[in-house]
Amino acid sequence: MFQSLSDRLSGTLRSISGKARLTEDNIQETLREVRMALLEADVALPVVKEFVDAVKQRALGQEVMKSLSPGQAFLKIVQSELEATMGTANEGLDLAVTPPAVILMAGLQGAGKTTTVAKLAKLLIERDRKKVMVVSADVYRPAAIEQLQTLAGEVGAGFFPSDTGQQPVDIAKAALEHARIQFSDVLIVDTAGRLAIDAAMMEEIKVVHAALKPVETLFVVDAMTGQDAANTARAFGEALPLTGVVLTKVDADTRGGAALSVRSVTGKPIKFLGVGEKTAALDPFHPDRLASRILGMGDVLSLIEEAEQKVDKDKAARLARKVKKGGRFDLEDFRDQLQQMNSMGGITGMLDKLPGMGNVAQMAQQNMDAKMFARMEAMINSMTVDERRRPETIQGSRKRRITRGSGTQVQDLNRLLKQHKQMQKMMKKMKGGGMQKMMRGLGGALGQGGPGGMGGPGDFRL
């Protein structure tokens, strides 16, 4: 995420953060580099100018001059101004109204509105324990209604049916009445998108808005459109009383211009980031954490929160007890670990949130096969219970049977067994000498080319 901007900014600031003395000359040179990095990231020009002026004013003031480490103080100023540009703090949804609280989703076609409706419903159901109903008022794309119905079933949300012969405002009113009858806490309304902003589209959504009086009106926009994202959000903001923005496809955006521009250009807070295709891939937006990631400092808080929400605590506790008692770390345990890691975005998703690991995550992303975890899991699922618990029995004809059943090659299975053996060794170290020994073992494995001796990034070939 925002890798090119992160590389450029963190590299520029690293050169000045170690300086014992800051002068107007070296500050100007650094700010010139910062300005170029932001412009290349497609950040809106007025936002760049305002940001650089604010940093310069603070950097040449007493805040830095009286500091014992001026370089570090300068870095802190840049981080603080990045946070201020993006909104200073997380702003959640305001659902403190008589149910059902209505959330209206607006945006252009292709921005990911329908998927975002499902993601938001899942978040509210699982995190806030809300009873959620969804409805599609997009009468121009029958596929959008079918897609939302399928996604609603996946995430456990109620679905109010609609069809292309109805008027959007009639659908919205009927859905609201049904949500009341069903005692739903939240009604999320998906609206039609267009390829470009037009008068008919704006008039239609204004009528729907007036009928529903939503507590939240969220503008969904593709982060990949860069500066255009902020301009489109501004156009919608002039037509509708927006309460916030959802940036989608952020995981694929290496520039970051939209995230840095939207708040300043529209005056509306970014409330969520879409960080993948899965229905769980919606994160509350925290400006301080994103600023930290952009500057190469990682985002450990989000990683901890993700682990809290997505790791199966019972399984983790059982494995911990098993290892402590000297039990064998078998292939069923290994499969559980793969599933937990996959739920947290895989190796690259986790590395990306650790301080200083952005480049490692990028290398892994470039060289890893996206379906690697799925194939590893398929191989383990093709084994008998006895084979999973005693991997040493997997030889000759058993290997051929397992690979045929999982659609893989024998060399893939050999690599999986080798990785499992490395993990077994680390687990033994945890029992014998605690976490310190295990970390030394992990450090050695990383030195040999990747977690658990899995080989360097170029070796991820499953």
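The values are calculated or read from the model by the stated rules, or taken from the named source; none is laboratory data. Since the model is a prediction, treat every value here as computed from it, not as a measurement. Here Cβ is always computed from backbone atoms with ideal geometry, including for glycine, and neighbour counts include all displayed protein chains.
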- Residue count, segment 109-137 (criterion: assigned to a loop (DSSP other than H, G, I, E, B) and surrounded by 24 or more Cβ atoms within 10 Å (Cβ to Cβ)): 2
- Item | Pairs where the first residue, in segment 158-173, is polar (S, T, N, Q) and the second is at pLDDT below 90 and surrounded by fewer than 21 Cβ atoms within 10 Å (Cβ to Cβ), C-beta under 6 Å, 6+ apart | 164/139; 164/142
- Query: What is the number of the single condition among (1) over 13 Å from residue 220 (Cβ atoms); (2) crowded, with 20+ Cβ neighbours inside 10 Å; (3) modelled with pLDDT of 80 or more that residue 239 does not meet?
  - Reply: (2)
- The correct count of residues that are basic (Lys, Arg) and outside any loop (DSSP other than H, G, I, E, B) in segment 139-154 is 0
- Query: In this structure, does residue 23 turn out to be farther than 15 Å from residue 80 by Cα, over 25 Å from the mean Cα position of the chain (by Cα), modelled with pLDDT under 80 and crowded, with 19+ Cβ neighbours inside 10 Å?
  - Reply: no
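Residue-wise test of (1) on the phi > 0 side of the Ramachandran plot; (2) touching a Pro at 6+ places or on another chain (Cβ under 8 Å).
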site	(1), (2)
98	no, no
102	no, yes
110	yes, no
118	no, no
128	no, no
147	no, no
154	no, no
159	no, no
